[in-house]
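Below is one structure, written out as C-alpha cells, with a few remarks after it.
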Amino acid sequence: MDPTEAVERAVARYGAEAPRLLAMLHSVQASLGCVPAEALDRLAAAVRLTRAEVESTASFYHLLHSAPHGKYEVLFSDNVIDHMAGKAELMRYFCDELLIQPGKQSEDGLVFVDSTSDIGLADQAPGALVNGLLVPSLDRNRLDLIANLIREQRPFAQWPQTLFEVPDNVRKSGPLLGEPFRPGAGLRRALELGPDAILAELDAAYLRGRGGAGYKTAAKWGSCRKAQGRAHYVVCNADEGEPGTFKDRVLLASHADLVFEGMTIAARVLGAQSGTLYLRGEYRCLADRLRAARTRRRATGLLGRNILSTPGFDFDVEIVLGAGAYICGEESALIESLEGKPGRPRNRPPYPDTQGYLGQPTVVNNVETYACAAKILERGGAWFAGLGTSGSTGTKLLSVSGDCKRPGVYEVPFGVTLRQVLAECGAQQPQAVQVGGPSGTCVPWREFERRVSFEDVPSAGAFMVFSRSRDMFEVARNFTHFFAHESCGFCTPCRVGTSLLRDTMDKLSRGKGSAYDMERMQMLMRVMRSMSHCGLGHTAANPVVQTMQAFPEAYERRLRNLGYEPSFDLDAALETARLITRRDDEWAHIVSEEP
Amino acid sequence: MNTFLLDGREVPFREGETVMQAALDAGAYIPHLCHRPGYAPHGSCKVCTASVDGRNAASCTTRARAGMRVETSTPELADMRRALVEMLFAEGNHTCPACEKSGDCELQAVGYHVGMDHSRFDLLFPARDLDASHPEVLLDRNRCILCDLCVRASRDVDGKRVFAIAGRGIRSRLVVNSASGRLGDTNLAVTDAAVRVCPVGALLPKRRAYQVPIGRRTFDLKPASEVAITEARRVKEQQRG
C-alpha cells in the first residue's frame, strides 16, 4: 500500500478531523508499518494542520515510528522488575538467536528488537510487546518459540494464542474484584437518585481519586457539573503507565462493566453525552474485550440512546488508543493527546473541570475511580465509607511485583500496613518497597509499619518489592532512565534535569562518582522539584532523593573520590589518535592516578 | 486599581494580567526567556519562577490576584534560577565567543544577570542539525532553547505556521513546515516576526553578522532588565495606539 492510500483509508475510517489525528496515525502505521514522511504531508492536508504540526504529534509518541520496524517488532519491557527477572540477558539471547542488534531493523527487514518503558506486566516479568500485543513471562523457551515463528515468517495472525494469554493474577479480592456485579445495578440506583443525590452519595462515601492525587470525586464532578459549556465530557484515564502498575489491566480485562457503569453515572451527573476511554497503547490487546463489553451494554440499554428507557439520557463511550507516552497519564496531557496533539501538560488554571476536552467542561478520572463510583451507587455511600480509614475510604487495588512468591493484584482495605501486604504476597527478605511506582515513595524496611493511605503512603497502585539481595542504587538508576525517556520536554527543569540526573547516576554506576556529583544531584533535585511544569518533573528525582536518604551506603561505596572526579576519560579520548598513529606504547597513554 | 506585593513593593495590575505583565509594566524585571510582551504566555523556560504565596510558579503564566505576595529573588530562588540557566547552556551547544548573536543574545544576557560564571553541569554536546538552505535566514539548532517564541510568532503574528516543536524530552527539536524538512522550502521571510523574536542565535538573518560591532550591541549598552522593561512599554504603547 502506498502512503496516499494509507491516508485515504485512515480518513475513511476516522474522518478528517484534527482531534482524530492519533487514531489516523495508528491506522497509517498499521497499513505501512511506519509513518513515513510522505504520509505526514497527506495527513496534514486531510486534517488541515501543517505538516510540522502533524510531525510534532507523530514524533512525540514512542510507539509510532517514521522508519520501518520490520514485519515483527519485539519490544522488551524495561522496568527494574523486568531486569530483576533477567530482561537484559534474555534480550541479548534473543538478539543473538536472530543475529540482530537492538534498535536496528534486521537487514532483511524482518524483525526489530528494542526496549520500551514498563508495559504493565510486572507480575509476569519479564514481558514484551510483540507487534503491539502483550506477551508475558518470557524465558528462553518462549523466546525460542518466538524466534522460530519469526524465522519461518509465520503470519502474525497465525501465531499460537497461548503466547498472548495474560492471566489476571488476582491474589486477593474484595468488593470490587470479588463480588459479582450485575450490570446496571449502580446505574438504576443513580437514575432513581438524580444528579444531586448521586453527588451526595459519593460525598458520603468520601471517594477520592485513585490515580494518585486523591482529589475528592464528588467535588470534581460537582464543579464540572456547574461549569458552563457547549457540552460536557467524561474521560476515563486508562493510561496506566506508572512502572510496576497493572491493576487497571485487570479491571479493564475482567471488570469493564464496572468502569463503563461508573462513566455512565458521571455522564448522568454532568449531563454529558459523550465519553472517552483513553487506553494506553501498550494495552491494545484489551481493546477488543472493551468493545465487546460496550456492545453488550448497548444491547441491554446501558449505553446509547435513552439509557434504561430514560428519555433523553444518551451517552456512549469511544475507545481511544494512546501511543506510548507516560506523560499522558497526567490529565491535561491526556486531553491534549485526545485532541490529536503531543501530550504536553497544559498551563493550569484553567482546570479540565471548566475547560478540558475541546475547551469544554471535562471530568477525567482513573479506571479504578469509576469502578468504585459504580460500586458506591450499587451498595451505598455509607457502606463504602465503612471500609478503609476515615481519610481514605474503600479498598485499593495494589499491583504487587518483585521479590515475592505471589505477585499479582491485591484488593486491600485502605490503611493496611506494608508489612501485612508483604506477608500476604510472600515477600522474600524485603529491604524496601517502592509504593506508587518511581514517582511514589521508596519505603525502607525500618518503616514497614506504615500504611497505604492518602494520609501516610499514597499509592496509585504499584507495590514493588525488593529483597535484601537487590542494589537499591540500581533500582533508582533504572527509574532515572525511565523519567529521562518519558519527560515530555516542555519545561527546562524536567527536560534537561532528567537527562543530567540519568547521566550522573550512570557515571556513579561506572565507579566514577565523587562527592561533587552527589552535591550536583541535590541541586538538580531542588530545581526539578520546585520549578517543573507538572508532576512528572516534580517527582522525577524522588527515587534518587529517597534511596540516598534510606540507603546512603549504596551510593557511598560508588564514590571514588571525596572531591571531584571527571566524567571525561582522558585516556579513552586518545584511542582514535592511537589507532591513527598505530601507537600503543607507554607514552601514548595517560594514566589517571588512583585516589 | 488592585495591587499585589512584588518583593515587598506594591504593584498595580489590571484584571486578567499575569504577574510578569504587571511587573514589567511597573518597571520590575523578572528574568525570563520564553516570554515576550505581546505574545501568548507559554511558561516553558521556567526562568521566571517565583514564590507566589509560598508556592513556586512561573510568573509569566500566573494571573495576578489582589493581595498576593510574590517573591522573585530569595537566595534560594536566585540559586535555582542560575542552575536553570546553566542547564540550558549544558543542553545545547552554546559557543558565545564564536556566536554572531553575542551581545544581542538574551540567554547570554540572562546568564550575566543571574551571575552565571560557569556551568555546574556536564555539557551534553548533542548532535543537532544546522539548516542553511534558506537564502536569507540561517537555522542553527545547536543554539535553540525550545522557547517556542518563533512557533508563536509565525502562527500568531506572521500567520504562516512555519515552525513546530517535534520529538519528546531531551530529543525535542524545532521542525519547519516543508515536505523536505528544510527551511529554504518554507514560506519564511527574513522580515518575519518569527526571525526577529528568536532570543538566541538559532534563527539568524544572513550577512548581517558584524554590521553592529561587538561592544555596541543591545546588551553591551543596556542590561537585560532595562531592555525587557523598555520593550514591554513599547508594546503597551503600540497596543494602546
(message) What's the number of the only condition in (1) buried (at least 24 other Cβ atoms within 10 Å of the Cβ); (2) assigned to a loop (DSSP other than H, G, I, E, B); (3) among the β-branched types (Val, Ile, Thr); (4) within 12 Å of another protein chain (Cβ to nearest Cβ) that B:Thr61 fails to meet?
(response) (1)
(message) Take the conditions within 9 Å of another protein chain (Cβ to nearest Cβ), modelled with pLDDT of 95 or more and within 22 Å of A:Ala85 (Cβ to Cβ) and apply them to A:His533. Does it pass?
(response) no
(request) Specify the residue that is surrounded by the most Cβ atoms within 10 Å (Cβ to Cβ); the eligible residues are those in the range A:490-506 that are touching a residue at least 40 places away in the same chain (Cβ under 8 Å) and farther than 20 Å from A:Asp78 by Cα. (result) A:Gly497
(request) From A:Val259, A:Val235, A:Val269, grab the single residue that is among the hydrophobic types (A, V, I, L, M, F, W, C) and closer than 17 Å to A:Cys285 by Cβ. (result) A:Val259
(request) For the range A:69-87, name all the residues that are more than 22 Å from A:Lys405 (Cα to Cα), of a type in the set (A, V, I, L, M, F, W, C) and out of contact with any Lys or Arg (no Cβ under 9 Å at 6 or more places or on another chain). (result) A:Val74, A:Leu75
(request) Kindly provide the set of residues from the range A:7-42 that are of a type in the set (Ser, Thr, Tyr), closer than 21 Å to A:Asn131 by Cα and out of contact with any Asp or Glu (no Cβ under 8 Å at 6 or more places or on another chain), ordered by number. (result) A:Ser27
(request) May I ask you to say which residue of B:Ala189, B:Ala166, B:Ala232 is buried (at least 19 other Cβ atoms within 10 Å of the Cβ) and farther than 23 Å from B:Gly92 by Cα? (result) B:Ala232
(message) Would you confirm, using the coordinates I've provided, whether B:Gly201 is modelled with pLDDT of 95 or more, assigned to a loop (DSSP other than H, G, I, E, B) and away from every other protein chain (no Cβ under 14 Å)?
(response) yes
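For (1) more than 14 Å from chain B (Cβ to nearest Cβ); (2) modelled with pLDDT under 95; (3) buried (at least 23 other Cβ atoms within 10 Å of the Cβ), each residue gets a yes or a no:
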{"residue": "A:Val452", "(1), (2), (3)": "yes, no, yes"}
{"residue": "A:Glu474", "(1), (2), (3)": "yes, no, no"}
{"residue": "A:Ser514", "(1), (2), (3)": "no, yes, no"}
{"residue": "A:Met518", "(1), (2), (3)": "no, yes, no"}
{"residue": "A:Met525", "(1), (2), (3)": "no, no, no"}
{"residue": "A:Ala554", "(1), (2), (3)": "yes, yes, no"}
(message) Here are the criteria: (1) at pLDDT 95 or above; (2) of a type outside the set (Lys, Arg); (3) more than 30 Å from B:Cys147 (Cα to Cα). Tell me which single one A:Phe483 does not satisfy.
(response) (3)
(request) Among the residues of the range A:31-65, count how many are within 17 Å of A:Thr116 (Cβ to Cβ), surrounded by fewer than 21 Cβ atoms within 10 Å (Cβ to Cβ) and within 12 Å of chain B (Cβ to nearest Cβ). (result) 2
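To keep it simple, each residue is scored yes or no on (1) within 8 Å of another protein chain (Cβ to nearest Cβ); (2) touching an Asp or Glu at 6+ places or on another chain (Cβ under 9 Å); (3) without any contact (Cβ under 8 Å) to a residue 12 or more places away in the chain; (4) over 22 Å from A:Cys488 (Cα atoms).
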residue: B:Cys144; (1), (2), (3), (4): no, no, no, no
residue: B:Asp148; (1), (2), (3), (4): no, no, no, no
residue: B:Val151; (1), (2), (3), (4): no, no, no, no
residue: B:Gly169; (1), (2), (3), (4): yes, yes, yes, no
residue: B:Val176; (1), (2), (3), (4): yes, yes, no, no
residue: B:Asp192; (1), (2), (3), (4): no, yes, no, yes
residue: B:Lys206; (1), (2), (3), (4): no, yes, no, yes
(request) Just give me the residues in the range B:4-38 being part of a loop (DSSP other than H, G, I, E, B), within 14 Å of chain A (Cβ to nearest Cβ) and either under 18 Å from the mean Cα position of the chain (by Cα) or buried (at least 23 other Cβ atoms within 10 Å of the Cβ) (or both), in sequence order. (result) B:Ile30, B:Pro31, B:His32, B:Leu33, B:Cys34, B:His35
(message) Please pick out the residue among A:Gly322, A:Gly356 that is modelled with pLDDT of 95 or more and farther than 20 Å from A:Ser223 by Cα.
(response) A:Gly322
(request) Evaluate the following for A:Arg92: is it outside any loop (DSSP other than H, G, I, E, B), in contact (Cβ under 8 Å) with a residue 12 or more places away in the chain and out of contact with any strand residue (DSSP E or B) (no Cβ under 8 Å at 6 or more places or on another chain)? (result) no
(message) Would you confirm whether or not the range A:232-253 contains a residue that is of a type in the set (Gly, Ala, Ser) and more than 26 Å from A:Thr116 (Cα to Cα)?
(response) no
(request) Select from the range A:217-245 the residues that are under 15 Å from A:Glu331 (Cβ atoms) and among the charged types (D, E, K, R) and list them in ascending order. (result) A:Lys220, A:Asp239, A:Glu240, A:Glu242
(request) Working carefully through the options B:Ala83, B:Ala109, find the one that is within 17 Å of the chain's Cα centre (by Cα), under 25 Å from B:Asp53 (Cβ atoms) and surrounded by 21 or more Cβ atoms within 10 Å (Cβ to Cβ). (result) B:Ala83
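The values are calculated or read from the model by the stated rules, or taken from the named source; none is laboratory data. Please read all numbers here as calculations on a predicted model, not as lab measurements. All Cβ positions, even for glycine, are placed from backbone atoms using ideal geometry, and neighbour counts span all protein chains on display.
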